[in-house]
Amino acid sequence: MKKLLFIAFFALSSIFLFAQTEEELFGSSDDIFFEGDGIEELDLDQNQDSQVDQVKVDLGKGILFQNGSVKVSGNFSTSLSSSTILYEKFEEEEEEKTFKDHIYESLLTPTLAANLIVDARPNQNLRMYTKFGMEYPFTSKAETSFVTAGTFYQVPVGATTNVDDWFKIKELFTDFSLADIAFFRFGLHTVTWGCGYFFSPVSDVINTSSINPEDTEAQVEGSINLRTQITFPGSQNCLWLYVIPSKDFISQDSSQTYLRDTALAGKFDLVLGAWEFGLGAYWKYQNSPKALLTASGSIQKLGLFGEALYQYGSDSEWAESIEWEEKTHIYQLTAGFNYYWKVPEILFAAQYYYDSNDLDQAHKYLTYGHNIAAMVTFSRIFGTNDVTASLFAMVNFGKEDIPQEYQEIAESFGISSYLNAATYSATLNYSPIKEITLSAGPYITMEDLEEEPLLEFKLNVKMGGGQF
């Protein structure tokens, strides 16, 4: 009884303090990106010294070192990709380029990326987890503007400076629990509230980046937050509570923020048979409050999922006025399905997404209006898994012309393909050996559905890499 009272006091006091001033492919579990993410009890022998000296090497399971309480793993990826324009529309005043010109202007992009994961569990009730890595290019250029200093001294505007951004922190958090009922996590981690595959407005509530429809396996960037999971004995139902510190630092040399800018969020997951439903809310001082609903399940072999997000007022409206009156009602709705044929190993997935937010520029130029995305993957062609293929299509209805300056906004959301009113691609993959995969196919983009498309041919070679 004392433990239950302590748990309730801990969760409620955390919320009260800050109130003052987020399975499988299409599941909605909060740990979708971290398989086996909860607190696991360690079955250690009494002879722990021998376990500490034991080194286990198992590349197939992605484990490099394991002594019973510490696990080190990671992944490494390298590739070379090229892109050649086959057809593009030219304005009357422009000189049309020949095929030779396009070959001469073909682009080559090398990719190097590595992540290292350290998962330490010193005892049954404590876990410490970090995931960090590096990406190429190791140095990039950023535009820098300078203010005029004095009457006779002026620094040119538009100068460039090198920025070392090769080191990436993906996750950094600690887990602990109380009485096997309440489980806590504090640190930087991805909150997987949503159940959408190509789009997930619910996932965007707390995370700092969105799903990339053309690379759905890429990890979404999380945020620093305190998560409390309260489970209900005898059921799979649970309550998720979040305390999310602001990212707006008071000064550049400090991580301090105002307490009043801390956000609060909560979500209740209810499991009924083969279906899981989620109901949640998000609140932040002088910002748009949000309410959300998620549902995922299956009917025989057909997987179904959907999300609904209501937002009172746009971010721009709240920036102009903190008064509650005369704010716009904003809705973001999405639904989709997937179906898998075990023989001959074909997966089909499709999703519809509606975004009514035409007030905030990021939504107006990225997802405003009606969006549809679909994908078909063939995991076995010509009777072998060495040859695979995929088809992808994404179309937006209602997008306005996108100014060049908003490309940076799209990149900050982790989504570059939203810059196009339509994107189509077909890719054929061949692995002559396990360590090499060749991919090739056409890539079509349309900035406006009424204009002619841009046709490119893309070639990619993945070499080596994998998990360890």
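Points worth noting:
- Whichever residue in the range 179-190 is assigned to a strand (DSSP E or B) and of a type in the set (A, V, I, L, M) and, among such residues, is modelled with the highest pLDDT: Leu188
- Single condition Phe305 does not satisfy, out of (1) within 19 Å of Phe198 (Cβ to Cβ); (2) open to solvent by 30 Å² or more (accessible area, probe 1.4 Å): (2)
- Residue that is surrounded by the fewest Cβ atoms within 10 Å (Cβ to Cβ) [pool: residues in the range 366-382 that are more than 19 Å from the chain's Cα centre (by Cα) and small (Gly, Ala, Ser)]: Ser379
- Asn357 meets the conditions (1) under 21 Å from the mean Cα position of the chain (by Cα); (2) surrounded by 17 or more Cβ atoms within 10 Å (Cβ to Cβ); (3) in a strand (DSSP E or B) in every case but one. The failed one is (3).
- Residue check for Asp386: over 13 Å from Ser425 (Cβ atoms), crowded, with 18+ Cβ neighbours inside 10 Å and acidic (Asp, Glu): no
Table: residues versus (1) exposed (fewer than 15 other Cβ atoms within 10 Å of the Cβ); (2) of a type in the set (Val, Ile, Thr); (3) at pLDDT 90 or above.
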| position | (1), (2), (3) |
| --- | --- |
| Ser79 | no, no, yes |
| Leu86 | yes, no, yes |
| Pro110 | yes, no, yes |
| Val118 | no, yes, yes |
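- Among the residues making up the range 176-212, those that are touching a strand residue (DSSP E or B) at 6+ places or on another chain (Cβ under 9 Å), of a type outside the set (A, V, I, L, M, F, W, C) and within 21 Å of Thr262 (Cα to Cα) are Arg185, Gly187, His189, Thr190, Pro201, Ser203, Asp204, Asn207, Thr208.
- Output for the range 157-177, where each listed residue is modelled with pLDDT of 90 or more, open to solvent by 20 Å² or more (accessible area, probe 1.4 Å) and hydroxyl-bearing (Ser, Thr, Tyr): Thr174
- Within the range 452-468, being open to solvent by 60 Å² or more (accessible area, probe 1.4 Å) and under 24 Å from the mean Cα position of the chain (by Cα) holds for Lys462, Gln467.
- Test: Ile330 is more than 27 Å from Asn225 (Cβ to Cβ) and not polar (S, T, N, Q): no
- Long-range neighbours under 9 Å by Cβ, at least six apart or interchain, first residue over 27 Å from Ala422 (Cα atoms) within the range 454-468, second basic (Lys, Arg) and not in a strand (DSSP E or B): Gly466/Lys434; Gln467/Lys61
- Residues of the range 302-327 that are of a type in the set (Gly, Ala, Ser) and in a helix (DSSP H, G or I): Ser316, Ala319.
- Selection count, the range 303-327, where residues are modelled with pLDDT under 95 and farther than 24 Å from Ser246 by Cα: 2
- Asp180 vs. criteria of a type in the set (D, E, K, R) and open to solvent by less than 60 Å² (accessible area, probe 1.4 Å): no
- In the range 345-356, the residues that are more than 14 Å from Ile372 (Cβ to Cβ) and acidic (Asp, Glu) reach residues that are assigned to a strand (DSSP E or B) and open to solvent by 30 Å² or more (accessible area, probe 1.4 Å) with C-beta atoms within less than 8 angstrom, at least six apart or across chains, in these pairs: Glu345/Phe378.
- Filter pass, Met394 being touching a Pro at 6+ places or on another chain (Cβ under 7 Å), at pLDDT 90 or above, crowded, with 17+ Cβ neighbours inside 10 Å and within 26 Å of Lys462 (Cβ to Cβ): yes
- Look at (1) within 27 Å of Ser83 (Cβ to Cβ); (2) open to solvent by less than 70 Å² (accessible area, probe 1.4 Å); (3) under 20 Å from the mean Cα position of the chain (by Cα); (4) at pLDDT 90 or above and you find that Ser425 fails only one, number (3).
- Of residues in the range 124-136 being open to solvent by 70 Å² or more (accessible area, probe 1.4 Å) and over 20 Å from Gly222 (Cα atoms), the one farthest from the chain's Cα centre (by Cα): Gln124
The values are calculated or read from the model by the stated rules, or taken from the named source; none is laboratory data. Note that the coordinates shown come from a computational prediction; the quantities given were computed from them, not determined experimentally. Heads up, the Cβs are rebuilt from the backbone with ideal geometry, glycines too, and the neighbour counts pull from every protein chain shown. Areas reflect the complete protein model, heavy atoms only, side chains present, ligands, DNA and RNA absent. Shrake-Rupley method; radii C 1.70, N 1.55, O 1.52, S 1.80 Å.
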